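Report on one structure; see the data block that follows.
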Amino acid sequence: MHTKKIAVIGAGPAGLGAASVLSRNGLRVSVFHREAAAGGHLNDWAWLFPRFVPARDVAVSMAAETRQVDFHPGCHIAGVSRHANGQFKIVMPDGQTEVADALVYAGGFRVFDASRKEELGYGIYPRVVTSADLEKMLAGEVPFPVELLQQQALRIGVVHCVGSRDEKSGNRHCSRMCCVTGVKQSIELRKRFPNSRVTAFYMDMRMFGNGYEELYLEAQRDWQVLFVRGRVSEVAESDEGRLRVKAEDTLLGRPIRDEFDLLVLMVGMEADLPKWLIEDLGVKQIDAGFARGNDELVASNRTPTRGLYLAGSCKGPLSVAEAWNDGQAAAQQLLLDLNR
Amino acid sequence: MQVRDLSMAGAWGDSVDVLKAIEPSLVNCITCGGCAAACAASANVSVAKAILLLRRGLLADARAALEGCLFCGKCRFVCPMGVNTRGVIAALTFSPDSSGNILHQ
Amino acid sequence: MTQPFDWFVIPFAIGFWSMMLLLVVKICRWWLGFSSVDKKMALSRIFSVHTLRALVEMVREGLLHRNIFRVSPRLGYMHMSLAMGWFLLIVVGKFQTLAFTGNHVNAVWLPIFFKSFYPGDVHFAGSVVYEFLMDAALLLVLSGVALAWYKRVAPSALGMRKSARHIWPDRVALTFLWFVFPVRLLSEGGTAAIHGGGSFLTGTVGAVLSPWADLLAAWQVDGALWWGYSIVLGGFFLMLPWSRYMHIPAELVLILFRHWGVSPQSLQPIELEACSRCGICIDGCAMLPVGNDGQAVYYVRDARYGYVTAAKAHDCLMCGSCESRCPVGLRLGSLRLEGRRKGASDWAVNPVESASVAVGANGGRVVYFPGCVGALTPAVTSAMRRLMQAAGVSFVEMDANNGMCCGRPLFLSGQADAARAQVAQNSQLLAASEAQVLVTSCPVCYKMFSQYYQLPITVMHHTQWLKQMVGDGRLQVSHSDAVMVYHDPCELGRGCGVYDEPRDVLSRMVTLQSSSDQRQASLCCGGSLGGYRMKDAGRQQIASHAVDRLVDARTQTLVTACPMCKKTLAAVSPVKVKDIAEVTLEHLVLLPFKKIPHQEKSLLVTKQELVGA
């Protein structure tokens, strides 16, 4: 039996993935999580693509995979340093410290703050919402803008690539998940508001995962979602509170001026690395700000710092399944290195 | 409409290289069309289209895609990829012969 | 009395007469380039008070250099001592010669080489006084020369961060100039050593050299020195019309013609030659943080010699900082625009289909125009809409479809004809709207509508409108403990002189910090429409520099009044960037019993309908 103690920072899909493998291999595992409940961004989502599985169920089954761990909820790590003997000293917000022999960092990403794109009117016009807001509305946690429910023929616009592929916002990278999220949410909106019409403005539709392309087809075939290739450049509010949108249909080369009752911004994923990870533990970053493992191919979970492993979307946008698998992979890597 | 092959004589070459040297940011364009959508001038003006035409070596067509531009620079503020659209427009329209001197007197 | 002559005057005479000939040719060419209206205007003002005013300004700026004193007293003294000292040498020398010869007309070299022809103690009416004055003037010039040498080594000592780099005709002329007066001192000193005479300066040098008087006389050192003086002075005059020193006559001619009412367009060729390349404009240039070397001083120089390329003409943000600093008052923005205009190919604007102005059913009295880039800052425009409603102002929005442009960008790109066409189109639309007041949120639009349109309506920037509304009590605001700093947009501040209105409004609501880079000295954010070649990285560098200079540890919000400044500064600022309208809305005290009228129902007049009508 190992008596080594491992710290996992973050209890989203990747952190839980890592914790499950480590705990099942008999290691002493401490999981530090800034929120009260494990699950990470899963807790902000209602249903997951591509098969509309409740996100809650997924979070529960992931947590159920882990065995005995020492869970520290609501614990936003203040700093981590590495001793000469190879141990990590973890400083908790209350100043208490804990020591670990190895560390898996699974701190995840940050959702792009849409108010940074002022021209899209988020935070200014009440009927401009983000994909994250919409998920809460669909889950019933937050009400839809009241008037929407009373409208007969709703026009809903979906705007892709908000804060992704956007050099101006410092995010040249593609967030990968928002394309299929937009498709999923379009279908959900159509189910919720049968009289609605949904138009999605995209730059490129990147349907890379199993079942995504099928979902994209379903949205067009069964739910009459109209996909228009072109970026929304500006949003204004009409006297009636509707949203006037300017876009370009780039495939036809024609300008679009249209009005919508609701605009959903597909916000991207941004890097959100703590300072100590870079400055004190020497983790390198890619241009977009995400953490970089030793390479992108065979050692993406390893870092130049012995005993420090990276897991999940702290390295770049990942789906739930990918993050979970990556967390488990990081843990396997760690086990291999311990037994070496 | 004219049908053409894809031998693309001049694509990314010759005059286009000159323009690239003048305004290197034009290679960042992902033709999202935000510039055309925001355009205050006319439905026909499109920097994205001009850059697309440039990439295919169609210099004259690229210039035509900018006819009527008001140089207001809204496209520059909208462009997500940091293309200096006004630099592209200036390079294409103001001074095709940028090495030439403009005598002040 | 026959005029004295010696062969050593030849280099001086050649330089002097070639300069005079070229000056006459240049002035004639300038005159011929004037429009007939300008010529008539100038002729009509010759015998008028304008001429007197011009003379006063010539003394103030050409000799005393008051404007340079304002930049830096030491720099001002340097310019003043050179100009005033030399001027006194010429004037006093003239009278000295007159008093001695009794002739009003003398050989042009006589006053200059007076001590060579009449060495020693020559007595005539007032001779001691003249000698004293000549030495005093020489001392004044020499102090200026010493400072000029020092400035080359350490520009900061004279209040400048950067000194202008010069081209070879300037360097040659400068070298001659540096040696003219020291050599004169030595010539007069050497002559005094041999023959005696000279006042407190030249006499003293003579006394110091007197132990070697015999040696100096035997080797004819004084003659050699006078030859040297003639060569450097003649060399300087020869180079003057080809170098930056052309600014001396050109500035005087410029001042005269300005007072005689000649149009700015006609004066441009003179302005190009009236630049002294003092380099005062360099320190204020917004492009300095990105290492750009296209400052006004270099642009004007290249324009004068005909080496302006399109790149040089467009490599400028047109922020107006150089123009506000220029001690000669050159219209540097217009000179740059002229280069752009010359390089511009034919350009036509399409009739703008989507542009429209709403006409109020009861006569829309106030028209609000956010500006085309204003469409990208909805926080500002929606704040303005709410403020207008709160103030009880019934307004209509111009160009609700966001398809209108004021024409200033075309103008700034050198497309003057296309800009005029645009102005005509918009004027027609505005006339049809029967508006009385046009309020715009964009300083670029404000400058254009207020200075280049002939509109029978009041044009206001929203800072001015807010000042009026807050001043009248139609908008009531509270004071919070927020600490903010205000960034003057180039086009609003230097472009239109609107500095006080925003500060007045802001200081009623928040603690307004002041900064050394405000008002006239405001730094461009880098997002200016005037620049075409600025890369994003450069823009961010310029914006960061401006933010660093404005924001300190206490600052909570950076306030501005321009959609372009807001977008550009927000990209780099560590604190929140807001428009003054947003800040006003946050501090608005709602008056519960005030009746707020609804926005008037409006009908749209489009361009087509106007053309069709």
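The values are calculated or read from the model by the stated rules, or taken from the named source; none is laboratory data. Keep in mind the model is a prediction, meaning the values are calculated, not measured. Cβ sites come from the backbone with ideal geometry, for glycine too, and all protein chains shown count toward neighbours. Surface accessibility is based on the protein's heavy atoms, side chains included, excluding ligands, DNA and RNA. Shrake-Rupley method; radii C 1.70, N 1.55, O 1.52, S 1.80 Å.
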Exercise. Name the residues of segment C:74-90 whose amide N is less than 20 Å from a point 7 angstrom out from the Cα of C:Ala157 along the C-beta direction?
Worked result: C:74-83
Exercise. What ³J(HN,Hα) values, in whole Hz, does the Karplus curve 6.51 cos²θ - 1.76 cosθ + 1.60 give for segment C:129-141 when θ = phi - 60°, with x put for Gly and Pro?
Worked result: 4, 4, 4, 4, 5, 4, 5, 4, 4, 4, 4, 4, 4
For this session: Compute the signed sum of charges (Lys and Arg +1, Asp and Glu -1) over the other residues within less than 10 Å, Cβ to Cβ, of A:Glu118.
Result: +2
Exercise. Looking at chain C, what % of its DSSP beta bridges pair antiparallel, to the nearest 5?
Worked result: 30
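Relative contact order (percent) for segment C:143-232, with alpha-carbon contacts under 8 angstrom and 6 or more residues of separation? Mind dumping the intermediate values first?
Numbers: 75 pairs, mean separation 21.6, N = 90.
It comes to 24 percent, rounded to a whole number.
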For this session: Would you work out what percent of the accessible area of chain A, with all protein chains in place, is carbon or sulfur (probe 1.4 Å)?
Result: 49
Problem set entry | Within the accessible area of segment C:356-470 (1.4 Å probe), percent carbon and sulfur | 46
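For chain C, what's the relative contact order in percent, using C-alpha pairs closer than 8 Å and at least 6 residues apart?
Details: 1004 pairs, mean separation 80.3, N = 613.
Relative contact order here is 13 percent.
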Problem set entry | Cα shape, segment C:264-342, gyration tensor, a/c 1.5 rule | oblate
Seminar exercise, completed: Of the candidates A:Ala132, A:Val180, A:Phe112, the farthest towards the positive dipole end of segment A:104-210 (Lys/Arg Cβ +1, Asp/Glu Cβ -1, centred on the Cα centre) is A:Val180
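Rounded to the nearest 100 Å², what is the buried accessible area between B and A, both sides summed, probe 1.4 Å?
1500
Quote the FRET efficiency, to the nearest 0.05, computed for C:Ser44 versus A:Ser81 with a Förster distance R0 of 60 Å and r equal to the Cβ-Cβ distance. Walk me through the numbers before you get to the answer.
Values: r = 85 Å, r/R0 = 1.41.
The computed FRET efficiency comes out at 0.10.
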Exercise. Among the residues of segment B:58-79, which ones have their accessible area go down by 40 Å² or more when all the protein chains sit together, as opposed to their chain alone (1.4 Å probe)?
Worked result: B:Gly68, B:Leu70, B:Phe71, B:Cys72, B:Lys74, B:Arg76, B:Phe77, B:Val78
Exercise. Ranked by accessible surface with a 1.4 Å probe, highest first, in what order do C:Thr204, A:Thr3 come?
Worked result: A:Thr3, C:Thr204
Exercise. Does any residue of segment A:118-150 lose at least 30 Å² of accessible area with all protein chains in place compared with its chain alone, and if so which ones (probe 1.4 Å)?
Worked result: A:Glu118, A:Glu119, A:Ile124, A:Tyr125
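Of the DSSP beta bridges with both residues in chain A, give the percent that are antiparallel, rounding to the nearest 5.
Numbers: 29 of 61 bridges.
Rounded to the nearest five, the antiparallel share is 50 percent.
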Problem set entry | Residues of segment A:231-282: accessible area per residue with a 1.4 Å probe, Å² | 38
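Under the classification rounded if a/c is under 1.5, otherwise prolate if a/b is larger than b/c and oblate if not, where does segment A:114-268 fall, given a ≥ b ≥ c as square roots of the Cα gyration tensor eigenvalues? Let's see the in-between values first.
Working: a/c = 1.30, a/b = 1.08, b/c = 1.20.
Rounded is the answer for segment A:114-268, as its axis ratio a/c remains below 1.5.
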Problem set entry | With every protein chain in place, segment C:264-342: carbon and sulfur % of accessible area (1.4 Å) | 52
For this session: Could you pull the accessible area for A:Phe144 with a 1.4 Å probe, rounded to 10 Å²?
Result: 10
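Magnitude of the Cβ-charge dipole of segment A:114-268, K/R +1 and D/E -1, about the Cα centre, nearest 20 debye? Please report the intermediate quantities before stating the final value.
Values: 23 positive and 23 negative charges, 60 e Å.
With only Lys, Arg, Asp and Glu charged at Cβ, the dipole is about 300 debye.
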Problem set entry | Charge-dipole axis of segment C:356-470 as Lys and Arg at +1 and Asp and Glu at -1 on Cβ define it, positive-most pick from C:Gly371, C:Tyr446, C:Ala390 | C:Ala390
Exercise. Longest segment of chain C with no trypsin sites (Lys or Arg not before Pro) in a DSSP loop having at most 12 other Cβ atoms within 10 Å?
Worked result: C:162-553
Seminar exercise, completed: Between chains B and C, the summed loss of accessible surface on complex formation, probed at 1.4 Å and reported to the nearest 100 square angstrom, is 3500
Problem set entry | Protein-only accessible surface order, largest first, of C:His587, C:His479 at 1.4 Å | C:His479, C:His587
Exercise. So what are the ³J(HN,Hα) numbers for segment C:9-15, from phi and the Karplus equation (6.51, -1.76, 1.60; θ = phi - 60°), rounded to whole Hz, Gly and Pro as x?
Worked result: 6, 4, x, 4, 4, 4, x
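If you take the beta carbon distance between A:Asp44 and C:Tyr307 as r and set R0 to 56 Å, what does 1/(1 + (r/R0)^6) give as a FRET efficiency, to the nearest 0.05?
On the way: r = 62 Å, r/R0 = 1.10.
For A:Asp44 and C:Tyr307, the calculated efficiency is 0.35.
C:Thr51 to C:Arg70: extension gain in nm, 0.36 nm per residue of separation minus the Cα-Cα distance?
Details: separation 19, 0.36 × 19 = 6.84 nm, distance 2.52 nm.
Length gained, C:Thr51 through C:Arg70: 4.3 nm.
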For this session: Whole number in Å², please: accessible area per residue of segment B:15-92, 1.4 Å probe, ligands, DNA and RNA not counted.
Result: 26
Exercise. Excluding ligands, DNA and RNA, what is the solvent-accessible area per residue of chain C at a probe of 1.4 Å, expressed in Å²?
Worked result: 41
For this session: Output the residues of segment C:370-396 meeting this criterion: accessible area (heavy atoms, 1.4 Å probe) in the chain alone minus accessible area with all protein chains in place is 40 Å² or greater.
Result: C:Cys372, C:Leu376, C:Pro378
For this session: Using just the helices of chain A, give the 222 nm mean residue ellipticity in deg cm²/dmol: DSSP H runs with n ≥ 4 each add -39,500 (n - 2.57), and the total is spread over all residues, rounded to 500.
Result: -7500 deg cm²/dmol
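Multiplying the sequence separation of C:Arg171 and C:Ala136 by 0.36 nm and subtracting their Cα-Cα distance, what value in nm do you get?
Values: separation 35, 0.36 × 35 = 12.60 nm, distance 2.77 nm.
Using 0.36 nm per residue and subtracting the Cα-Cα distance, I get 9.8 nm.
Count charges around C:Thr204 for me, please; just the other residues with Cβ under 14 Å from its Cβ, Lys/Arg as +1, Asp/Glu as -1. Don't jump to the answer; show the numbers that get you there.
Values: positive: none; negative: C:Glu131, C:Asp135, C:Glu188.
Net charge around C:Thr204: -3.
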Problem set entry | Rounded FRET efficiency, nearest 0.05, which uses the C-beta distance separating A:Asp222 from A:Arg172 and R0 of 30 Å | 0.30
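Of A:Trp223, C:Trp226, which has the most accessible area with a 1.4 Å probe, and how do the rest follow in descending order? Walk me through the intermediate numbers first.
On the way: A:Trp223 60, C:Trp226 5 Å².
Ranked from most to least accessible, the order is A:Trp223, C:Trp226.
If you place +1 on the Cβ of every Lys and Arg, -1 on the Cβ of every Asp and Glu, and leave all else neutral, what size is the dipole of chain C about its Cα centre, to the nearest 20 Debye?
Values: 56 positive and 42 negative charges, 176 e Å.
With Lys and Arg at +1 and Asp and Glu at -1, about 840 debye.
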For this session: With label points built 7 Å along Cα→Cβ from the Cα atoms of C:Glu586 and C:Gln454, find their separation and express it in nm.
Result: 4.5
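Over 25 Å between C-alpha atoms is what I'm after, so list which of A:Lys4/A:Lys89; B:Lys20/C:Lys535; C:Lys39/C:Lys447; A:Lys117/C:Lys535; A:Lys315/C:Lys566 land there. All intermediate terms of the calculation are to be shown ahead of the outcome.
Values: A:Lys4/A:Lys89 14 Å; B:Lys20/C:Lys535 13 Å; C:Lys39/C:Lys447 30 Å; A:Lys117/C:Lys535 20 Å; A:Lys315/C:Lys566 33 Å.
Result: C:Lys39/C:Lys447; A:Lys315/C:Lys566 exceed 25 Å.
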Problem set entry | Nitroxide proxy distance, nm - points 7 Å out along Cα→Cβ at C:Asp548 and A:Arg206 | 3.5
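Need one number: % antiparallel among DSSP beta bridges in the protein assembly as shown, to the nearest 5.
Numbers: 39 of 92 bridges.
The antiparallel fraction comes to roughly 40 percent.
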Seminar exercise, completed: Ranking C:Met564, C:Val92, C:Phe117 by how far each Cα lies towards the positive end of the charge dipole of the protein assembly as shown (+1 on Lys and Arg Cβ, -1 on Asp and Glu Cβ), the top one is C:Phe117
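Could you give the size of the charge dipole of chain A about its Cα centre, using +1 on the Cβ of each K and R and -1 on the Cβ of each D and E, expressed in debye and rounded to the nearest 20?
It comes to approximately 700 debye.
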For this session: With label points built 7 Å along Cα→Cβ from the Cα atoms of C:Ser507 and C:Thr204, find their separation and express it in nm.
Result: 5.1
Exercise. What aspartates and glutamates could a cross-link reach from C:Lys26, if we take a straight Cα to Cα line under 16 Å and drop same-chain neighbours fewer than 8 places away?
Worked result: C:Glu251, C:Glu271, C:Glu273
For this session: Distance between Cα centroids, segment C:202-266 to segment B:33-87: provide it in whole Å.
Result: 57
